[in-house]
Amino acid sequence: MDSISLAELETLYEELTTRYQAFLHEQDDLEHTVVVETPLGEPLTTSLSGILFHVVNHGTYHRGNITAMLRQLGHASVMQDYVLYMYDENETPSSTS
């Protein structure tokens, strides 16, 4: 797999964000159920909100893996709790809260 630059990653992230926003704005009912195929090839009935929760929660899994790898390489850990992020955002001078 070829590596890509940080700028390219940022562009991909922005594009994905735009696609998620467009998809969510098109939805009338996030509790609408859909059938998806699991990694085991089995059908699973879930809601759009359930899928959205999975996407957000799965990011937590990957952040944990990255943190563990960085620690193994000798790098210091950083706090990843959402509530601490919100506290930090509310404490910054540019905050409008």
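The values are calculated or read from the model by the stated rules, or taken from the named source; none is laboratory data. Every value quoted in this text rests on a predicted model; they were computed, and no experiment measured them. Reconstructed Cβ throughout: ideal geometry from the backbone, glycine too, with neighbour counts over all protein chains shown. Remember, those area values only see protein heavy atoms, side chains included, never the ligands or the DNA or RNA. Shrake-Rupley method; radii C 1.70, N 1.55, O 1.52, S 1.80 Å.
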(message) It is to be established whether one or more residues within region 40-59 are in a loop (DSSP other than H, G, I, E, B), modelled with pLDDT of 95 or more and surrounded by 10 or more Cβ atoms within 10 Å (Cβ to Cβ).
(response) no
(request) Of the conditions (1) at pLDDT 85 or above; (2) assigned to a helix (DSSP H, G or I); (3) not basic (Lys, Arg), Gly74 clears all except one; give me its number. (result) (2)
(message) I want to confirm something. Restricting to region 8-39 and keeping residues that are open to solvent by less than 60 Å² (accessible area, probe 1.4 Å) and assigned to a helix (DSSP H, G or I), which single residue is farthest from Gln80 (Cα to Cα)?
(response) Ala22
